[in-house]
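Structure first, commentary second.
Computed from the coordinates by the stated procedures, all read-outs in this text should not be read as laboratory data. Not measured: the values here are computed from a predicted model. No Cβ is skipped: glycine too gets one built from the backbone with ideal geometry, and neighbour counts run over all protein chains shown.
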Amino acid sequence: MTKLRLFSLLLLLSCNAFAELSITDFQSKSKTQTSNTYINGLSSGFNAINSKLVAEDAVPLYCLPPFLNLTTANYRQIISMGIQELGPVVSVKPNVDQILLNELIKLYPCGYN
């Protein structure tokens, strides 16, 4: 169990170490192939971690409803909602990775969180 949590943490940290999509980049590179690829990879990573948690009978990060297949456009909309919720006053702005994960947890709670 702790190995999985450590692996998940290292995976999330490694994303930040090699690449990061800031809010400014997300807004300025809207709908480019590069940002779409980044968002698809990010969402696939989150879904893989979540599936691993479920497979090991651990508490998942979020619980998508059955048969819900989110598209790149859906993930973009979720990120945009998270950015709007931050407002202009936030001194330290999170990156898109953090925003997407926080919004998925908030939109699709499991009952465990």
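To the nearest 20 Debye, how big is the dipole of region 31-98 about its Cα centre, given +1 on the beta carbon of each Lys and Arg and -1 on that of each Asp and Glu?
280 debye
By how many nm would the segment from GLN77 to GLN27 lengthen if fully extended, with 0.36 nm per residue of separation less the alpha-carbon distance? Before the final figure, lay out each step's value.
Values: separation 50, 0.36 × 50 = 18.00 nm, distance 1.17 nm.
Fully extending the segment from GLN77 to GLN27 adds 16.8 nm.
For region 30-87, which chymotrypsin sites (Phe, Trp or Tyr not before Pro) pass both filters: DSSP loop (anything but H, G, I, E, B) and at most 14 other C-beta atoms within 10 Å?
Qualifying residues, ordered by number: PHE67.
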